[in-house]
Structure formats: C-alpha cells, structure tokens
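Participant: The following block contains the structure, expressed as structure tokens.
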Amino acid sequence: MSEINYSALAGHIKTGIPSPVYLICGDDGYLRRRALDALKKQYMPDVLPEFNYTEFDGSICSVEEIAAAAETLPMMAGRRMVLVKDLDAAAIGAEQYRKLEALLGAPYDTCVLIFFNVSVKSSAKAGDKQGAMRSLIKKQGTVINCKTPTAGEIADIITIAAKETGAELSHADAAYMVERCGTDITNLLSEIAKLNAMYGGKITRAAIDRHTTQSLDVKAYLLASNVIAGKRREAFVIMEELFEERTEPVAVMAIMAGSFIDLYRAKLAAAERKTADDMADIFGDEYKGKEKRLSFSFRDSRRYPLELLRQWCLLLCETDAQLKSSRVDSKILLEKTLAEMFLLAERYR
C-alpha cells in the first residue's frame, strides 16, 4: 500500500480505513510512540478490549502465537488489534521467517496488526530480513517511518503539544527553544511543562532564557562559534562552564569536532558550487534538525582557508584520541587544544 512519514499519519487516519498491518519505525522515539498512540486511539476496539486486544514481546514470542491472535475473530466488534513490539526478523530462524512471510503476505482484514519498533532498527535494504519484512508490510499495509524531524517540524510539534496542555507558546518562541535546548522532543516537552507550571500557561522568551537549560549540543556549538569568530575570552568562559557542569570531555570534543567537520565539508561543497541544501541531501538524516547551523557553516567557511579548516579538524581528532587513551588531565587537554586552535588561526591571517 504505502510508506508515510509521521506528518502524513493524521491524513491516513482521517480516511477511516485502517491498513491490515502496520510497521512503526524510524529514528525518533517520541514520534514512534505518538504514532502508536494515534493508531490505538483510532482503531482500538471499544467493545471488550480485554478480548479484542493482544500484545506480544517480539523478542520472545513465536510467529505462530502472533498468527493465532491475528486470525482470531473479534468478539462483538468489527476488528481486533494485535501489537508486536520489537520483532527482529533477522534474529528468527528460517522456518519462523517463512511463517512470518506467509502472515504478512495475506494479513487478516478482521485485525489491525501493528509491529512497533521500540529499539530494533528497521532496515530499508530489501536484501536483509528486516528490509524484506518492511517491504512486505509496505506492499500489504502501511509503514510509518518516523524520521528525525527538521528544526521547523520540531517547533510545530511542540507548539501543538503546548496548546494541548493549556500552555501558550508562540511558534517563534518554540523555534527559539529548539535552538536553545536542542532537538530532543521529550526534553523540550519537559521544559514546556515546567514553564507552564511556573507561569500559569503564558510562556515568554524571557521565561525560556531564565528557566531552561542550554543543551550540550548548543553549548559546544557556541564554543566552536567563538573559536571561529576569534573570541578567546568567550570560548574559555564556556569551556569553564562545561567543566563546572561536569560535562563529559569526550562528548564536548565530539560536538566540537562535528562543528569543524561541517565547516570543512561546507568549504569543499562551496568549491564545487554546491549549496547547504545539496549538502543536506548528500548526508541525509545527519543534518535533520540542524539546517540552520548548516547554513551558518556555509557562511562561516568563506572566512577561512581550506588548509586552516583541515588543520583544525586534525587537531580536534588528535585531542579526541588523547582523551580516550591518555592519562593527561582532560581539562588541560581541552584548554591546550582551544589555545592551539586560536594560534593556528593567527598563522593564517
């Protein structure tokens, strides 16, 4: 039938016609849970749910158990629902997989069968069992691919979620929260709930600044931005804040290195007359939720020669290796690296 993203799920449900089988997969755990909740709300039998609903742990149940539940006729209802969590098609034997193929090849129209991935990855490659299972479900039912949303999509999601809880949050301030607090939707909703309780529903930009915590991604990105801008004092202040917060040095270094690798990639892409959109297409989901920062990388990469960007990346990779293998104090290593990055910039001016 089809493969849809989370945004298209509401339209699918409005048709009033359920698919006989669904696969809920994708990178974003929050959206996967929301998709499951939406299907349950719409298609869970109202009559005798204790008889018309069955849930399985796919890591321990057999395909025969799933098939038996799916073929059981509903009791005093139009259909029944069967939910299977984390069935890893790659982990089951050949005989079990053949029975799974038979079930998915001819699903029962008196049952809504849902495969829900809590932790199992659903490969899109047709050559492996997970990919083949996905293809079968896509042919006979619906795959709901909850991809990592863009920053704008996340702002849409939390704006709607805030309204549902009685909080007043403008879309512009929601977008600002994404920039400040990161792209973890669960964390953003937790911050909104906190602000809602503190301010009685009205969430302002000032309240966001005063009472929300900048994510590690944001702080490390700001650290990198200050290096790029040549702001020594500001960079070392942020570094000190990260140490005071007992932030894992390897995590800081990973995000720092990512920011400068983005600059290096942007420089190479611009030399080939590619745009930020081209780069996002090339690297796929790696830049989902980071579109604005990617555009900043293209802007900032123009200010520095390619060789300096390369030297910065090499230095950060070297420090990352030392953090993971050396007994030298991590604070000293990071501060030394920061100083060397500013010195490298001086050489190329």
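Values quoted throughout were computed directly from the atomic coordinates according to the rules given, and no laboratory measurement underlies them. Predicted model only: the values in this text are computed from it and were never measured. Positions of Cβ are generated from backbone atoms using ideal geometry, with glycine treated the same way; all protein chains shown enter the neighbour counts.
Participant: With 10 Å bins from zero, work out the P(r) of the chain over every alpha carbon pair and list the percent per bin.
Facilitator: Calculated P(r), rounded to whole percents: 5, 20, 23, 22, 18, 9, 3, 0.
Participant: Run the dipole for the range 283-324 about the Cα centre, Lys and Arg Cβ at +1, Asp and Glu Cβ at -1, nothing else charged, and hand back the magnitude in debye, nearest 20.
Facilitator: For the range 283-324, the charge dipole is close to 240 debye.
Participant: Tell me, what ³J(HN,Hα) does each residue in the range 185-192 have, in order and in whole Hz, if you take phi through Karplus 6.51 cos²θ - 1.76 cosθ + 1.60 with θ = phi - 60° and put x for Gly and Pro?
Facilitator: 5, 4, 5, 4, 5, 5, 5, 5
Participant: Additional query: I need Y287, Y22, Y176 ordered by Cβ neighbour count within 10 Å, fewest first.
Facilitator: Y176, Y287, Y22
Participant: In nm, to one decimal, how far is the E291 label point from the E101 one, both placed 7 Å along Cα→Cβ?
Facilitator: For the pair E291/E101, the computed spacing is 4.1 nm.
Participant: What is the extension gain from N187 to A172, computed as 0.36 nm multiplied by their sequence separation minus the C-alpha to C-alpha distance, in nm to one decimal?
Facilitator: 3.6 nm
Participant: Check V143: other-chain or 5+ apart residues with amide H under 5 Å from its amide H, H built from backbone geometry?
Facilitator: Hits under the 5 Å cutoff: S2, E3, I4, L23.
Participant: So which residue, out of A161, A91, A220, gets the largest mean-square fluctuation from a GNM of the chain using Cα contacts under 10 Å as springs?
Facilitator: The residue that fluctuates most here is A91.
Participant: So for C313, C146, fewest C-beta neighbours within 10 Å to most, what's the order?
Facilitator: C313, C146
Participant: Now, a different point. Looking at the range 72-124, which trypsin sites (Lys or Arg not before Pro) are DSSP coil and have at most 12 other C-beta atoms within 10 Å of their C-beta?
Facilitator: K121
Participant: Further question on the same structure: Can you compute the FRET efficiency between K14 and R347 using 1/(1 + (r/R0)^6), with r the Cβ-Cβ distance and R0 = 51 Å? Round to the nearest 0.05.
Facilitator: 0.25
Participant: Something else about it: Assigning unit charges at the beta carbon (Lys, Arg +1; Asp, Glu -1) and nothing else, what dipole magnitude in debye, to the nearest 20, does the range 2-145 show about its Cα centre?
Facilitator: Roughly 460 debye for the range 2-145.
Participant: Mind checking which aspartates and glutamates have their C-alpha under 20 Å from K202, skipping anything on the same chain fewer than 8 residues away?
Facilitator: The qualifying aspartates and glutamates are D156, E164, E168, D173, E179, E191.
Participant: Compute the helix-to-body angle for 151-164: its Cα long axis versus the longest principal axis of the chain, expressed 0 to 90° and rounded to tens.
Facilitator: Result, in degrees: 60.
Participant: May I ask you to sort M177, M279, M76 by Cβ crowding, counting other Cβ atoms within 10 Å and putting the fewest first?
Facilitator: With the fewest neighbours first, M177, M279, M76 line up as M76, M279, M177.
Participant: To continue, here is another question. Using a 7 Å offset from Cα along Cα-Cβ at K41, what residues in the range 164-199 end up with backbone N under 13 Å from the label point?
Facilitator: Answer for this model: 164-165.
Participant: Assign unit charges at the C-beta atoms only (+1 for Lys and Arg, -1 for Asp and Glu), then state the dipole size of the chain relative to its Cα centre in Debye, rounded to the nearest 20.
Facilitator: 840
Participant: Contour minus end-to-end for R246 and H211, with contour as 0.36 nm per residue of separation and end-to-end as the Cα-Cα distance?
Facilitator: Result: 10.6 nm gained on full extension.
Participant: If the cut-off is a Cα-Cα distance under 30 Å, which lysines reach K138, setting aside same-chain residues fewer than 8 apart in sequence?
Facilitator: K14, K40, K41, K85, K99, K121, K125, K129, K147, K288, K290
Participant: Here is a follow-up. Output the pairs from K274/K331; K163/K274; K231/K292; K163/K292 with a Cα-Cα distance over 30 Å in this structure; if there are none, say none.
Facilitator: Violating the 30 Å Cα-Cα cut-off are K274/K331; K163/K274.
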